Amino acid sequence: MFTVDQVCFSTKQQVILDQIQFSLKSSSITALIGHNGAGKSTLFKAIMGMINLETGEIALDGITQSDNFLAFKKHLSYIPEEAFLLSELTVEQHFQLYIESYQLDSVKMKQIIEQYVDAFEIGDKLDQYPESLSKGMRQKVQIICALLPEVKLLLVDEPFEGLDVHATEFLIDVLKKKASTGTMILLTTHQLDRLQGLVDHYLMLQQGKLISSGPIESFDQLKRRFDQL
Amino acid sequence: MKTNPTYTAYRFVKKNRRQKKQQLTRSASRILFDKTSLSYLAVFGFMLLIWYSDQLKNYQTIFVHIESFLWSRYFGLLFLGFLRPLSLAFTRPGVLFSSSDLFLATLPLDRNRLWCYHVIDKIKQTALIGLVIGLVVKSLTYFSWQLIVALLLGFWLVELLMIIPQWLLFQKLWYIKLLFSQGIMIVILLANLFTFWFDGTVFLLVISLVILILVNSWGYRRLFDFTDWSPIIEANDRLLRKSLLISFASNIKIDPPKHRGFYHQVIRSKQLTKPFKESKKYQSYHRIIFFKFTEQKEQVIKAVLGLIGLIILLSTYAEITYVWSIIIVISLYAQIGTSFFPVIFEDRLIFVLPWNLKKWRRAFIFWLTIGLLPVFAMLMIPSLFWFEINIVLLLNVISYLLIGHRLLLDQMNVRVSRLEGKEHHFPHLYLLSFFILLFGVIYSAESPFVSLLVIVYTLIRYNDQYIVNWERTK
């Protein structure tokens, strides 16, 4: 179980996250929705430990982020909105870095990487550096990297941004498969239509506050609520 | 009269950029200074100036000598003005054509005109800086106005004539830049050297200026031929964002533009694009550490030069200061070297990954140990002059090296503990190692047994966790 408990974060001028509290269950796919500036990406950064929380606690299967950050990180993987790849490593070396960092079985991974590389059509880019790739290609590399480890929580920030239709459909399939094996998935997107049939829960943020959450019973109702924000 | 729309747009962007920067600078100033301390500082500065002008009177004759020397080498000195734009061409295009201008160029505005406006601004700015430098030099020294004006005008002219060559050179491959800059530097040095035998510098300078004028007229027509905008924009955007005051106040560092040519051509060889070998478990760690060091090369060079300076300063003075230099340099090396370790994890990608700190630590110690050897070799050179070369010296050297390595390991443990978010419980051991280093080095010259004890201490403290296993680390 993943829990976010009374998380607060603010700058001098404004409150970005205001007492955010929620929990995720295994095998769930939860959409974090809200307009621009609602605090979605900041919440992801908070979960990833990229910003220091003022108050609150984040825990994954009993391991709290503040107490044991390294152990906490081992159980989660992150796809950022903007791919941040190392300019010093080629595409293939990025996969190897993830295998090494998550202590994955390289033989088993070889097969999985081949499968992802084929599906995302980046087979001819393996020995290239990130700056020679287009934005969409870089995003695909980052997605493959994050999909390699079998983690308890997968954070996906705007997953469909910059992806072509084929890659988007493949990613949706993979996310569903991951969820069926127990992974909790928390994702944000502006493209609400993409969420239909994918997510089972939602969290709605507005100006740093969690204003609504729960299972998605009616997608149209959710869309209406989103439009009213 | 209707103003040119390109000029209006250029002025508009420039005005807004200036206002934004002023706003940020004002905020930074408010954070850094308060009126009371500034007024004290002003009084202190005024007193300092009075004291300085009193002191300066004693050196009036020296200024007269320097001035006559500068006049005699005037034309040779002007050659030095070529060096600055040539060396800057590695990292800066020289004309601040930024992403905003590239954006403006996508609108129905004239790109060439935009470029020219930047050049005119640069000419004005260089003149203004020259004027300020001239005023400062005049008020702080006894040089004549004639000399100051002649030098500033000369350098200003050279700087103007180098605008187009610097712009074109920036876009060339690294080895062309290197060949040009080194070649011209050699010519300048030779020209200055020849002035001791015959004065042909005026002739050489006139030829150089004529060549430069020809290069300018040729280059002006080719300003945008084969232009790769991305390095130009990247370098200029960084320069525009850069402000020492704001960086200092906000604690956000804006890195200087990278030496792209060197970085891309030399460090990024085809060999490095190959996948990591599975048999080499530490290859990815070493690769990232290597690149982090190259990214931090300015800091690394500063640290190394600082240590070398310290060695020279302390070891040439007296035997006792040399002994102190051993202690200071070894402990500083451990402190500075390990301070680069957390920098690796500041990278966003590395940050989000789960870190295998045991492996990171081991790989990093490998690099620091390799680095320790040349530093230590340099540190030991003066011992050949201060001490007798015998078995005792060898014993001392081994003990210093071991204790240096010990300090490195202890410091690394502190850094690793901090990254793990644990309370680091090593300082007492680190302090113990430091005191053993302190007294060990001081007394080792008198008694070799101290060195023996240091060796025994360090060997006892080595255990499997600490030992760098060279086979596995490679």
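Readers should treat all values here as calculations from the given coordinates under stated rules, not as data from a laboratory. Please read all numbers here as calculations on a predicted model, not as lab measurements. Note: ideal-geometry Cβ built from the backbone for every residue, glycine included; neighbour counts use all protein chains shown.
Of note:
- Between the helical axis of B:35-56 and the longest alpha-carbon principal axis of chain B there is an angle of about 80 degrees.
- Among beta bridges that DSSP assigns inside the protein assembly as shown, antiparallel share in %, nearest 5: 55 percent
- Dividing the mean sequence gap of close Cα pairs (under 8 Å, 6+ apart) by how many residues chain B holds gives a relative contact order of 15 percent.
- When the helices of chain A are scored as -39500 (n - 2.57) per DSSP H run of n ≥ 4 and the total is divided over every residue, the value at 222 nm lands at -10500 deg cm²/dmol.
- Count Lys and Arg as plus one, Asp and Glu as minus one, and take only other residues whose Cβ is under 14 Å from that of A:Leu53; the net charge is then -4.
- Cα-Cα over 30 Å, subset of A:Lys152/B:Lys270; A:Lys40/B:Lys20; B:Lys270/B:Lys297; A:Lys73/B:Lys281; A:Lys40/B:Lys277; B:Lys21/B:Lys57: A:Lys152/B:Lys270; A:Lys40/B:Lys277; B:Lys21/B:Lys57
- Nearest-ten-degree value, helix B:174-194 long axis tilted from longest Cα axis of chain B: 80 degrees
- Partners for B:Lys14 among lysines (Cα-Cα distance below 20 Å; same-chain residues under 8 apart left out): B:Lys2, B:Lys122, B:Lys124, B:Lys242
- In terms of the mean number of neighbouring beta-carbon atoms within 10 Å, the peptides B:36-44, B:432-440 order highest first as B:432-440, B:36-44.
- Global form of the range B:275-473, assessed from the alpha-carbon gyration tensor, a/c cut-off 1.5: prolate
- Tilt relative to chain B, helix B:448-461 - C-alpha long axis, 0 to 90 degrees, to 10: 90 degrees
- DSSP loop GluC sites (Glu not before Pro) with at most 15 other Cβ within 10 Å: longest gap in chain B: B:1-277
- Distance violations [Cα-Cα > 20 Å] among A:Lys45/A:Lys108; B:Lys292/B:Lys358; A:Lys178/B:Lys280; A:Lys177/A:Lys209; A:Lys110/B:Lys274: A:Lys45/A:Lys108; A:Lys178/B:Lys280; A:Lys177/A:Lys209
- Value of Rg to Rh for the protein assembly as shown, rounded to two decimals, is 1.01; Kirkwood radius and Rg both from alpha-carbon coordinates.
- Averaged over the residues of A:99-110, the number of partner chain Cβ atoms lying within 10 Å of the residue Cβ comes to 3.
- Added length on full extension, which subtracts the Cα-Cα distance from 0.36 nm per residue, A:Lys135 to A:Glu217: 26.0 nm
- Isotropically averaged projected area of the range A:170-214, using the convex hull of Cα atoms (one quarter of hull area), nm²: 3.7 nm²
- The range A:44-133, relative contact order [Cα under 8 Å, separation at least 6], %: 24 percent
- Note on A:63-71: average number of Cβ atoms from other chains within 10 Å of each residue's Cβ is 2.
- Inter-chain shielding of B:273-279 (mean C-beta neighbours from other protein chains, 10 Å cut-off): 5
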